[in-house]
Amino acid sequence: MTSATVITKIAALRIAQAARVLADVNAGAFAAKLGEQIGLPITEEKLAKVTVADIKLILSGEETVDPDVDSASIKLAVRHLWGASEEDENLPKPAKYAEGDMPGSLRVAVASNTEENLDGHFGSCPRFLIYQVGRSEIRLIDVRSTAISDDAEDKNVARANLIKDCQIVYVQSIGGPAAAKAVRANIHPVKAPEGGKANIALQRLQAVLDAPPPWLAKILGVEAKSLSRFTDTEEE
């Protein structure tokens, strides 16, 4: 590395990957502020010491990134700066599924950053986990990378199209405009700020399939149990 070198090629790739998961980030400004924060030249060794607190400080300038950046995305960006790869994340393996295998089930997408977890932001998660959720079974049927949406003119529309066969998407966070685009694609967003294992959230959904709240009853095309007593009274 010569004295004129301010960043190594590997470090530049890591920064590009980190910027990609921070919705609406200006990659150039992000790299410049990162250099100010950790010092030049930017090397892999220095990036390996970057913390979540460092990123929050870097993103405090409005010219760098939209201020609505969620903690899950920042944590994922730090992982990229450290050099963590998808192979290190122990991605779950989908089970075999054919259309019609689970009659009456719902197809649900889960925004995920790591493993089989519900820990992603709709606009920046690297993948969606796709499940069939029925009354007696929850089956992971696909893992869909969102990389294809990175170059789209409207990333949120591209992400909604990626999961347009799903009726519900679980996210740790989602912005208002992105939520509206999901709804226009007939996908109901469900926010779970606490995050956690995807299966835990889906088990809660599974538990109310026989007595669905109004929003879920609409998706299922059945009457909400909370309203049925009023119908019974009218019939009497």
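Would you calculate a helix-derived [θ] at 222 nm for the chain, using -39,500 (n - 2.57) for each DSSP H run of n ≥ 4 and dividing by the full residue count, to the nearest 500?
-11500 deg cm²/dmol
Need one number: nm distance between label points at Ala48 and Lys75, each 7 Å from Cα along Cα→Cβ, rounded to one decimal.
Taking the simple label geometry, Ala48 and Lys75 are separated by 2.3 nm.
Taking only Cα atoms, what is the 0 to 90° angle, nearest 10, from helix 225-235's long axis to the longest principal axis of the chain?
Approximately 30 degrees, to the nearest 10.
How far, in degrees from 0 to 90, does helix 71-82 lean away from the longest principal axis of the Cα atoms of the chain, to the nearest 10?
Orientation of helix 71-82: about 40 degrees from the principal axis.
For Val222, enumerate residues with amide H under 5 Å from its amide H, sequence gap 5+ or separate chain, H modeled in the peptide plane.
Residues meeting the amide H criterion: none.
Can you list residues from other chains, or at least 5 along the same chain, whose modelled amide H is less than 5 Å from the amide H of Arg127?
Ser112, Thr146
Please list, in order along the range 175-192, the HN-Hα scalar couplings obtained from phi with the Karplus expression 6.51 cos²θ - 1.76 cosθ + 1.60 (θ = phi - 60°), rounded to whole Hz, x for Gly and Pro.
Karplus-based 3J(HN,Hα) across the range 175-192 equals x, x, x, 5, 4, 4, 5, 5, 5, 5, 8, 6, 10, 8, x, 10, 8, 10 Hz.
For the range 127-180, which trypsin sites (Lys or Arg not before Pro) are in a loop by DSSP, counting at most 13 other Cβ atoms within 10 Å? Could the numbers behind the result be given before it?
Values: sites: Arg127, Arg135, Arg139, Arg144, Lys155, Arg159, Lys164; in loops: Arg135, Lys164.
Listed in order of number, the matching sites are Arg135, Lys164.
Sequence-distant or interchain residues sharing an amide H contact under 5 Å with Leu118, placed H: which?
Counting only residues 5 or more places away or on other chains, the set is Gly196, Lys197, Ala198.
Label Glu115 and Arg204 with points 7 Å out from Cα along Cα→Cβ: what is the distance between them in nm?
Rounded to a tenth, the inter-label distance reads 1.9 nm.
By per-residue mean of other Cβ atoms within 10 Å, what is the highest-first order of 109-115, 74-80, 41-47? Please report the intermediate quantities before stating the final value.
Working: 109-115: 24.9, 74-80: 21.4, 41-47: 17.1.
In descending order of packing, they fall as 109-115, 74-80, 41-47.
Express the relative contact order of the range 154-213 as a whole percentage, based on alpha carbon pairs under 8 Å and six or more residues apart in sequence.
33 percent
Which whole-number percentage describes the relative contact order of the range 9-84, with Cα contacts under 8 Å and a sequence gap of 6 or more?
47 percent
Each value in this text was obtained by applying a stated rule to the coordinates, not by laboratory testing. Just so it is clear, the structure is predicted and the values come from calculations on it, not from any experiment. All Cβ positions, even for glycine, are placed from backbone atoms using ideal geometry, and neighbour counts span all protein chains on display.
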